[in-house]
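Bear in mind these aren't lab numbers, they're just calculated from the coordinates by the rules spelled out. No experiment lies behind these values; they were computed from the predicted model shown. Glycine also receives a Cβ, built like all others from the backbone with ideal geometry; neighbour counts cover every protein chain displayed.
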Amino acid sequence: MAADAHATTLGLDHRKLAMWTFLGSEFLFFGAFVATFLLYVTTTAGGPGVEIFDIPFTSISSFVLLMSSLTMVLAHNAHRQGDLRRMRLWILATAGQGAVFLGGQVFEFTVFVKEGLVLTRSPFASSFYVLTGFHGVHVFVGILLLLSLYSLSLTGKVKKDQDLKTEMIGLYWHFVDIIWVVIFTVVYLIPEIAVG
Amino acid sequence: MSSTTTPKLRPTKETGVLSWLATTDHKRIGILYFFTTLVFFFLGGVESGFIRLQLAQAEQSVISEDLYNQIFTMHGITMVFLVVMPLSAAFFNYLIPLMIGARDVAFPRLNAFSYWVYLFGGIFLYSSFFLGGAPAGSWVGYAPLHATEGMSMGFYAIGIQILGLSSLAAAVNFITTILNMRAPGMTFMRMPVFIWMALVTNFLLLFAIPVIAVALFMLQFDTLYGGQFFQPGSGGDPILYQHLFWLFGHPEVYIMILPAMGIVSEILPVGSRKPLFGYAAVVFAGAAIGFIGFGVWAHHMFTSAIGPVARSAFALSTMFIAVPTGIKVFNWVFTMWGGKIRFTTPMLFSVGFVSMFVIGGLSGVTHAIVPHNAQQHDTYYVVAHFHYVLFGGALFGLIAGIYFWFPKVTGKLMSEKLGKWHFWTWLLGFNLTFGPMHMSGLLGQPRRTAVLPGELGATVELYNLLSSLGVIVLTGSALVFLYNLITSIKRGEASGDDPWNARTLEWMTPSPTPSVNFYRIPTITHRDEFWHRKYAEDESGKPVSIPAGASDDHDSDGDDDHAEEHIHMPDPSLWPFVMCLAFFPIAYGMLYFNPWLFALGALWLVVGYFLWITEPLAEGDDDDPEDADDHAAVGAAAH
Amino acid sequence: MRDRVTMRPPTRRRRPLHLLILALLALGLSACGDAEQNALLPAGPYAQEPHDLIIPVAIIALVVFVLVQGLIIYSSWRYRERADDDGSLPEQVHGNTRLEIVWTVIPALILAAIAVPTVQGIFSQMAEPDDDFMTIEVIGHRWWFEYYYPDHDIYTANEMVIPANTPVRLQMTATDPARDASQGVIHSFWVPRLAGKQDLVPGQTTFLNLQADEPGRFLGMCAEYCGLSHANMRIRVEALDDGDWQAWVDNQTSPATVPDEGTLEARGRELYGDLGDRQACASCHQVWEGDGSRSPGQGPDLTHLMSRQEFAGAIHDLDAENLRAWLADPESMKAMNYELDGIGMPNLNLTDDELDALVAYLLALD
């Protein structure tokens, strides 16, 4: 719908404007959770604290998620050039990396629970699980979006000239990645360095 | 629209229940919001009746303390989340596209989604009365009391979360609509003040809703799943909840009042037959209120566990926000100054709004005197204050809007005689109910007590009795309004297209509004565009009427050469309704910690979403259904 | 489950309707109330300061109120459309920058002038008193206030006794019913004639200064909604002159009266310590008879119960009839739901004989 962009007041497609607006809201959502975590970073009630984090492991899964942003860009690029086959390939790669990240998160949670860090253990535990859990939910929704894009392009519902759709999902995906960069830094790295 | 010859790809009925379930027309969604709000207003009113009955005399117990606590909690939740906010949304829905010269909102199906989520969220909240008891933790739901109230407060956390989702979706939709769908020539400084206030309100929602969402999720985890966010036993901080709640809660106050301010800013110039005094000042004051509104939240916590530095800082910001509020009031008054005022019912309610809001604003300034706030806080003085702002303010403004735009929606006038009865009894009943509360609060009566303590003395008892009598007056007044509304819908006097000699775009269209809104999208050259199409200025600058027909002052269909031949309107869709039903299994699944029920709801949501995005267009001329929504919005240019 | 039916106790003081008519007459005399919970009648410096601050603000607000409402009414009347109107439009004024500046700057200046004493007041209200002051620890429970006097090792409930003309600094927190922070909700301590209110937060300590200039009895209430029986959580502050205060301290620091053997009271004392398979009173309520240190139970300290005038969150007069009704069926006297949440006083299913003995014992605890 190239014509639409000219018809709107700001010259932006509605969906893009709406996505930016929505992501603005999402920043506050995660901002409030991150602030809560920072408040409770040492409030462990005698239970496990930040020392429980396995930085090398989480670094790897973070790296995977970060790389998925690259494949997302490649997918959008391919779509823009009208190469749906290549676009689908990159989409699958992106979703796959997202799934690896989620798998890593599930594994990490399982290990933490075995070590006694359960949701009900302390404010630290609650804020850690709920913050990273909601991020995980966002990744999961992103994977669903990617898979729907993949299958709709297979059935011809998503066409060559509709690269805006890939761009939109890409916007969301990059946002989720950026949030993870913040979480990884603020939740994992800095406290680990500070606490020791 | 769809015809009978094309295959039935989308719901096509234009009348009947199904047509309402499937509607994506912003006007019909606005009407749905309006009538739903009336139902919840009735429920909230009944609750206030019980409250005033219980407190009419000291030491009496008409209902048990437990039931009283449920009822005052639900009264607050209902009036805030199920009445004032959605009633504003009703106006946003109906008026935003009309006032900016568009055919619909940016995302018509998302708009329907917002409505159904609101309705189902309200039903979910009210189902608590039949499922073990309604929330009894007050509308602020403070931690850690919240967690000890168990299941009933689960309804609170989940129910308000759902309502927040509705508001968030609507905010994204309206912001996109206002920013991106204005008619050619409608620059920001030509937008009607109501549109400005709608824009500010929706930005407030956009940034406030995620914060309350976080607070509510934490409450949900604490209350239902053993979370430790606000549990002091393990080091959790109950004050954190207060910060998060009020970081949402104070902008929420402006979310409720700004739409009414916008409405009044439209009605006062029409009633005075003068342009709004200081348009730019009113707009910037509104934006400033919205902006500063995020920096005053802790003035709800002056007696909480916060230190003197925080108390001082928030006292200053609170005083500061009074300045733009004052600017607005003076501009409204000077809009009337020098005019030729016709006191129609909408005008009466608008003037009533300004007058009552001033009282609420002044008592608000006294809250900023922190040492004395310690006396006022959580007393009936505060109850009086926020009712003067939200009832005397927001509700008066919204009612003014109902009378004002009723002819636009129905093509009929509401009875002026009954309207005047409604206004004067409403004004009397309102002041009788809430005026005495200022005094009873200062004389020592705290809020949220299920019993009026006799030890407060006979004077306080008398004030409470007066308040209770006021509710009787208000009830009678509300019945007058309801009777007026129903009879006017049925057999009101025909209004014509422009009964008030109005100024803004929506009155250029025929009344009731045709489904396409505008047969031709107008090009805007002035603020108050419609007015400038009706009046020109002579040499001395005096406005003179332009003879009818001499300019494009009407948007008519049919024989007009310029009328667009094919206007593509958004197709109806059932999927928003069907998809939103998923929120019931999701909500009850979370409440009763039933993963299967929750999974069912989640699956339903995902399936509904796929059906939504793959839905074909009725006309079959575009196999990219997602673009359909935009299609209508920019219909003129796309074809 | 949540069907917590509570009946209003028969002993509560009901005020007949005709009193309201009397009050209507009183209304003409003064806005000030006739009760001891009136925020407009400060009785000590910590209530006086906010009062002195709000009065000028109220006067300014009143002036603004009259001005703006006057403007509204005047322009409504003056610029109404007349019957003989010629139909022409009024002058189309779009605004006036000078006026805009005036009504921006003047309110800003007024507010700035108010802000200075406000900030001063915030700090002086919260600072430790300059003179020698007495500390009382306040613990908010659902639904009663407990007081501990660390200087004298005194525990009491609901009714706080203080020496007149002496600054008192309350050191406050909230727990219930176990004495750790794991349970408890926010309350607020408010005795309007002596000071503004301050919340009590579980797990945290807050402070409030108050002082009574003259001896007297001052009323207050919990002012932060704290659940089911929030309305039944009252406060009394009894300010005594020096002699009475010393007598009160002497009485409170002495051990409880132990009744003579063989009396009904003595039987009550036995039951207090042992109710068979039912929970004994002593498991929650302390009666200190001089041995060991004083340590509070979950419920109010009863060592000198009869030195107080009211009980059960200070909603009932402390007399034989009320005590008996309370012991027989606490939930008929005050909204509670012990079965559900373990908060409040349980129904111990006492027999008539047991009631007689326990009431007799309690009445002897002076």
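Which angle between 0 and 90 degrees, to the nearest 10, do you get for helix A:55-80 versus the longest principal axis of chain A when only C-alpha atoms count? Between the helix axis and the principal axis of chain A, the angle is about 10 degrees.
Given charges of +1 on the Cβ of Lys and Arg and -1 on the Cβ of Asp and Glu, with all other atoms neutral, how large is the dipole of chain C about its Cα centre, in debye to the nearest 20? Show your work: numbers first, answer last.
Values: 26 positive and 53 negative charges, 329 e Å.
Computed about the Cα centre, the dipole is about 1580 debye.
Under a Gaussian network description of chain C, with springs only between Cα atoms under 10 Å, the residue in C:Leu194, C:Leu264, C:Leu89 that fluctuates furthest is C:Leu89.
For the range B:64-91, the residues whose backbone nitrogen is under 12 Å from a point 7 Å from the Cα of B:Leu53, taken along Cα to Cβ, are B:64, B:68.
With a 10 Å Cβ neighbour count serving as the proxy for reagent exposure, in which order, fewest first, do C:Cys284, C:Cys222, B:Cys580 appear? Write down the numbers at each step before the final one.
Numbers: C:Cys284 16, C:Cys222 31, B:Cys580 25.
Ranking C:Cys284, C:Cys222, B:Cys580 by Cβ neighbours within 10 Å, fewest first, gives C:Cys284, B:Cys580, C:Cys222.
Residues in the range B:266-278 carry Karplus couplings, in order, of 7, 7, 4, x, 5, x, 8, 6, 9, x, 4, 6, x Hz; the curve used is 6.51 cos²θ - 1.76 cosθ + 1.60 with θ = phi - 60°, and Gly or Pro positions show x. A straight line joining the Cα centroids of the range B:13-55 and the range B:160-184 runs 20 Å. Connecting C-alpha atoms closer than 10 Å in a GNM of chain A, tell me which of A:His79, A:His135, A:His14 has the biggest fluctuation. Highest fluctuation of the listed residues: A:His14.
Under the classification rounded if a/c is under 1.5, otherwise prolate if a/b is larger than b/c and oblate if not, where does chain B fall, given a ≥ b ≥ c as square roots of the Cα gyration tensor eigenvalues? Intermediate results must be reported in sequence, preceding the final value.
Numbers: a/c = 1.79, a/b = 1.26, b/c = 1.42.
Here chain B falls in the oblate category.
What's the longest bit of chain C with no exposed trypsin sites (Lys or Arg not before Pro), using DSSP loop states and at most 16 other Cβ atoms within 10 Å as the test?
Longest run free of exposed loop sites: C:180-293.
Let me make sure I get this right: for the protein assembly as shown, a, b and c are the square roots of the gyration tensor eigenvalues over alpha carbons, sorted descending. Under 1.5 in a/c it's rounded, otherwise prolate if a/b > b/c, else oblate. Which is it? Oblate, since a/c reaches 1.5 and b/c is not below a/b. Computed over chain B, the per-residue total of -39500 (n - 2.57) for DSSP H runs of n ≥ 4 gives a 222 nm mean residue ellipticity of -20500 deg cm²/dmol, rounded to 500.
For the pair C:Val116 and C:Thr205, a Förster radius of 41 Å applied to the C-beta separation gives a FRET efficiency near 0.85, rounded to the nearest 0.05. For B:Tyr118, B:Tyr463, what's the fewest-to-most ordering of other Cβ within 10 Å of each Cβ? With the fewest neighbours first, B:Tyr118, B:Tyr463 line up as B:Tyr463, B:Tyr118.
Computed per residue of chain C from DSSP H runs no shorter than four, each worth -39500 (n - 2.57), the mean residue ellipticity at 222 nm is -11000 deg cm²/dmol. Proximity of backbone amide H atoms, modeled 1.01 Å from N, is registered between C:Phe145 and C:Asn158 at under 5 Å, excluding neighbours fewer than 5 places apart on the same chain. Pairs exceeding a 20 Å alpha-carbon distance, out of B:Lys27/B:Lys412; B:Lys328/B:Lys534; B:Lys408/B:Lys490; B:Lys417/B:Lys490: B:Lys328/B:Lys534. Largest first, the three principal axis extents of the alpha carbons in the range C:264-363 are 35, 30, 27 Å in whole numbers. Put a dot 7 Å past the Cα of C:Ser307, heading toward its Cβ, do the same for B:Lys490, and the two dots end up 7.3 nm apart. Could you count how many Lys pairs in chain A have their Cα atoms under 20 Å apart, skipping same-chain pairs fewer than 8 positions apart? Lysine pairs satisfying the spacing and distance rule in chain A number 5.
Whole-Hz Karplus values for the range B:314-323 come out as 6, 5, 5, 5, 5, 5, 4, 6, 5, 5 Hz, taken residue by residue from phi with 6.51 cos²θ - 1.76 cosθ + 1.60 and θ = phi - 60°; glycine and proline positions read x. On the beta carbon distance between B:Ala602 and B:Thr187, with R0 = 35 Å, the FRET formula returns roughly 0.20. Largest GNM mean-square fluctuation among C:Thr263, C:Thr166, C:Thr303, using chain C with Cα springs under 10 Å: C:Thr263.
Would you please give the FRET efficiency between B:Thr15 and B:Asn594, computed as 1/(1 + (r/R0)^6) with r the Cβ-Cβ distance and R0 = 41 Å, to the nearest 0.05? Let's see the in-between values first.
Working: r = 40 Å, r/R0 = 0.96.
So the FRET efficiency works out to roughly 0.55.
In order along the range B:84-100, the phi-based Karplus estimate (6.51 cos²θ - 1.76 cosθ + 1.60, θ = phi - 60°) of 3J(HN,Hα) comes to 5, 4, x, 5, 4, 5, 4, 5, 4, 4, 6, 9, 4, x, 5, 7, 9 Hz; Gly and Pro are listed as x.
Starting from the range C:242-316, pick out the GluC sites (Glu not before Pro) whose DSSP state is loop and whose Cβ has at most 11 other Cβ atoms within 10 Å.
Sites meeting the loop and neighbour criteria: C:Glu261.
This ranking places B:Phe35, B:Phe610, B:Phe40 by how few other beta-carbon atoms lie within 10 Å of each, fewest first, which gives B:Phe35, B:Phe610, B:Phe40. The stretch between C:Ser295 and C:Ala83 holds 68.0 nm of extra length on full extension. This uses 0.36 nm per residue minus the Cα-Cα distance.
Label-to-label distance for B:Phe284 and A:Phe107 is 5.9 nm, based on points extended 7 Å past Cα in the beta-carbon direction.
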